Amino acid sequence: MEYLSYSQYNSYTQCPRSWYLSKIRKAEEKQTWFLPIGSAVHDMIEWALAHPHANPPSAEEFFFPLVAKQRLVEPDTSKWLAGGPKASPVVEGKALQLVKDCFERALEELEDIDVWEVEYDASGRLPGLSVPLKAYVDIRGEHKKKKIPVIWDWKTGSTKPGNFQVETYAALMPEHKWQARYVMLAPGKPKTRYVDLSEISPEVVGMKYQAVLEQMQAKIYKANAGFGCQFCFNQDNCLANAGVLPTRQAIYYDRSADDGYPY
Ligand code: SF4
């Protein structure tokens, strides 16, 4: 382990087996609709902020190449994981429309702040954590009316995560007393409030990462089988999810019993 990131922390704490399959076994993950949706929206926002006087880009220009890239891995898009209701999942045209809607909302939201940086590299060290932490902040800036330094993280899905992601950013950037917001961009999602991060302790955040790092280093690859499996990128690679007839992929990739502790 040369470094950690919030996404690795999150992946491991949700299901150590999934982290093992992705990071240690480098298993071929299931393709999804939500990844290209999120990436296209992030890319469009970054482009729009870098070209403030140009016409906003078309969603198709950003979204289609990402979809095409994933189709090289899994051409049958009906096998991709998708969000939304089962009867009407967010795929194909609905997915493209979601990209457009999220981008429109992001432009409206951005009117509230002066942007300092996009995708700011906040990577660094935390006290008590023996490896560096990689972190990229979607938006750093200042709220125009409140005159406070703010961190924003765009979310195109429907679930607002816990605060630890933005707490990590605040711990890595102690030069300001930050307020943070997960900006929920999908239509119908309520506006989120700012979270006060002025009292975040880098020591406490560092200790939480170190505790997870030590479990990774101890090769604990426990499977948290349950509700999350239906949205897991590694559902075809995981013996714990395989039932009595494991897929060839699961037999090939999931060697958690040989490589570490699968319980
Ligand atoms: S399918 Fe379930 S148990 Fe298996 S790796 Fe994914 S979340 Fe973990």
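The values are calculated or read from the model by the stated rules, or taken from the named source; none is laboratory data. In this text, all values refer to a predicted model and were calculated from it rather than measured experimentally. Don't worry about glycine lacking a Cβ; one is built from the backbone with ideal geometry, like all the others, and counts go over all protein chains shown.
Within the stretch 78-116, count every residue that is without any contact (Cβ under 8 Å) to a residue 24 or more places away in the chain and not in a loop (DSSP other than H, G, I, E, B).
7
Scan Val91, Val150 and give me the residue that is in contact with a helix residue (DSSP H, G or I) (Cβ under 9 Å, 6 or more places away or on another chain) and surrounded by 14 or more Cβ atoms within 10 Å (Cβ to Cβ).
After ruling out the rest, the residue left standing is Val91.
Would you please name the residue that is nearest to the ligand (Cβ to nearest atom), looking only at residues in the stretch 195-237 that are of a type in the set (Asp, Glu) and in contact (Cβ under 8 Å) with a residue 12 or more places away in the chain?
In this case the residue turns out to be Asp236.
What's the number of the condition Thr159 fails, among (1) more than 16 Å from the ligand (Cβ to nearest atom); (2) within 21 Å of Gly83 (Cα to Cα)?
Only one criterion is unmet by Thr159, namely (1).
Just give me the residues in the stretch 238-263 being farther than 21 Å from Ser5 by Cβ and touching a residue at least 60 places away in the same chain (Cβ under 8 Å), in sequence order.
Cys238, Ala240, Gln249, Tyr253, Asp254, Arg255, Ser256, Asp259, Pro262
So, Lys177, is that one in a loop (DSSP other than H, G, I, E, B), more than 16 Å from the ligand (Cβ to nearest atom), surrounded by 14 or more Cβ atoms within 10 Å (Cβ to Cβ) and not assigned by TED's automatic domain parsing to the domain that holds Arg17 or not?
No.
Could you please find all residues in the stretch 13-30 being more than 10 Å from the ligand (Cβ to nearest atom) and under 13 Å from Ser256 (Cβ atoms)?
If the condition is that a residue be more than 10 Å from the ligand (Cβ to nearest atom) and under 13 Å from Ser256 (Cβ atoms), then Lys23, Ile24, Arg25 are the ones that fit.
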